[in-house]
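A short worksheet on the structure shown next.
Rule-based calculations on the coordinates, nothing more; no lab input. Just so we're clear, the structure is a prediction, and the values are computed from it rather than from any experiment. Because the Cβ atoms are built from the backbone with ideal geometry, glycine has one as well, and the counts that use them run over all protein chains shown.
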Amino acid sequence: MHLLADASMPLVAQLAKAFSDALHEQGISFTLSTFEGRQPTPEQLASADLLMIRSITKVDAELLQRAPRIKWIGTATIGTEHVDAVACRDADVTFVSTPGVNANAVGDYVASAVSNIALEQGALPNGEVAIIGAGHTGRAAGQRLRGLGLKVHFYDPPLLQHATSQGYDDIHNDWQRVLKSQVISCHVPLTKDGDYPTYHLFSDRSIAALVDDCILINASRGAVVAEQALRSAKHRKQRLQVVLDVWENEPQIAVELLPWLRYATAHIAGHSVAGKVGGTLRLFHELAGFLKQPQLTSVLPSLKHLMQPWPEAIRDYCWQANEQPTWQMLASWVRDIYDIRIDDKLLRQATPEPAAFDALRRTYSARAELSQGMVVGGRWLAQSEWQNRLQQLTFSHIQKQEQ
Ligand SMILES: NC(=O)C1=CN([C@@H]2O[C@H](COP(=O)(O)OP(=O)(O)OC[C@H]3O[C@@H](n4cnc5c(N)ncnc54)[C@H](O)[C@@H]3O)[C@@H](O)[C@H]2O)C=CC1
Ligand SMILES: O=C(O)C(=O)[C@H](O)COP(=O)(O)O
């Protein structure tokens, strides 16, 4: 059995060796080779039985034809639009993804964007926050923004349609309420069909209708926000604060928008170490199931153990607060752990070629998550409201004993 995997998936060689050693004892051969860049070569595909990819590899009927032995494809991502699931089914290929795997990292990204803007302008956004898509990443983002003290609502008509009445009080289908919000963050899959397509959800008309100084964040897929509409908004000097992690024509970015964008990053919102390593690990768990070898999961280390090579991404961050923290303190704690400005600077300094975009992503530095933050505080920490807010920010907390 031969596994072909994207070379930049962290720890893929270590986990494949664990499978190989365990299967060897049963007389089963399990080998690994890796491919560099976006697409594997026809030669690499010809000998592959299993394929592990990331969001940059396009899988369609043509690729599948070049891979006659392939029986299983796994993507270490939440998004799946790069894989033609129908073509996989027609070719009798099992396709799996890793739902939710880097949602915490995306939530941290949004929290950092809003925290930085608030700290720079000296005030939290004065108005509601609309989260588009109440799934894994949208919930993670909304929860953190509530922790910062903002009023959050979720726009998700498809979910509303299928929802039972319980637990969906904050979800609605009122697009006008979205457009009136002071912060809007997109967390939807890229879809062109169905009742609620997300392709160009933010078109000329919607963007022109946004309130002054609206913070519009897109960390989902580039084409959810029409780049042409952003160009028009820039041209008419519309007062917007746009944060883009994803681009309509990746790996080519819209260079001419850069000076107008508040923050611009290289599709790294989900790239915390836990998100990336978790993706690889989750695929090996999936593969054990596909191979009908459930005992293989016992040779897979825990995520915590696998993250040991990145000490900067697993260290604790600790802050003292004798009094209730101000929003400025909360925002600067977020920024201590993940500062979006560093990623923004890296993209602006890079050359605007696709290769530079891919290189930034491939060589991304080790990133921690907000859940590594801990607040040591006084009596105020006994209040459930504060405990709740820190939990929403995914910080842990300890109340100091009074002397
Ligand atoms: N920038 C990055 O690094 C990352 C980007 N992503 C992108 O974010 C997307 C969302 O991820 P998750 O939240 O984990 O997905 P999810 O599947 O958990 O949630 C998506 C939600 O969007 C809703 N939705 C679908 N169409 C909609 C529409 N027209 N209007 C409003 N809501 C709609 C769905 O009902 C669902 O509740 C992924 O598909 C992926 O493309 C995900 C992870 C990292
Ligand atoms: O999970 C997704 O969907 C994403 O967009 C990923 O975070 C992108 O990461 P890579 O696939 O490029 O590692």
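Miscellaneous remarks
- Remark: pairs (first residue in the stretch 178-193, touching a residue at least 60 places away in the same chain (Cβ under 8 Å) and more than 19 Å from ASN249 (Cβ to Cβ); second residue within 8 Å of ligand 1 (Cβ to nearest atom) and among the small types (Gly, Ala, Ser); Cβ separation under 7 Å; 6+ apart in sequence or on different chains) = HIS187/GLY133; HIS187/GLY135; HIS187/GLY138; HIS187/SER220.
- Here is the figure for the stretch 294-314: residues that are of a type outside the set (D, E, K, R), in a helix (DSSP H, G or I) and out of contact with any Leu (no Cβ under 8 Å at 6 or more places or on another chain) total 9.
- Tally of residues being more than 16 Å from ligand 1 (Cβ to nearest atom) and under 27 Å from the mean Cα position of the chain (by Cα) across the stretch 39-60: 6
- Every residue from the stretch 244-255 that is assigned to a strand (DSSP E or B) and more than 11 Å from ligand 1 (Cβ to nearest atom): ASN249, GLN252
- Residue match in the stretch 348-359 (condition: touching a helix residue (DSSP H, G or I) at 6+ places or on another chain (Cβ under 8 Å), of a type in the set (Gly, Ala, Ser) and in a loop (DSSP other than H, G, I, E, B)): yes
- Given (1) under 30 Å from GLN26 (Cα atoms); (2) within 16 Å of ligand 1 (Cβ to nearest atom), index of the condition SER272 fails: (1)
- Which numbered condition GLU250 fails, given (1) surrounded by fewer than 24 Cβ atoms within 10 Å (Cβ to Cβ); (2) farther than 30 Å from LEU50 by Cα: (2)
- Of the criteria (1) over 24 Å from the mean Cα position of the chain (by Cα); (2) closer than 12 Å to HIS153 by Cβ, which one VAL183 fails: (1)
The rows are residues; the columns are (1) within 17 Å of the chain's Cα centre (by Cα); (2) of a type outside the set (Gly, Ala, Ser); (3) within 16 Å of ligand 2 (Cβ to nearest atom); (4) farther than 18 Å from LEU346 by Cα.
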{"residue": "ALA223", "(1), (2), (3), (4)": "yes, no, yes, yes"}
{"residue": "ARG231", "(1), (2), (3), (4)": "no, yes, no, yes"}
{"residue": "VAL242", "(1), (2), (3), (4)": "no, yes, no, no"}
{"residue": "ALA254", "(1), (2), (3), (4)": "no, no, no, no"}
{"residue": "ILE268", "(1), (2), (3), (4)": "yes, yes, yes, no"}
{"residue": "GLY278", "(1), (2), (3), (4)": "yes, no, yes, yes"}
{"residue": "GLU286", "(1), (2), (3), (4)": "no, yes, yes, yes"}
{"residue": "GLN295", "(1), (2), (3), (4)": "no, yes, no, yes"}
{"residue": "TRP319", "(1), (2), (3), (4)": "no, yes, no, yes"}
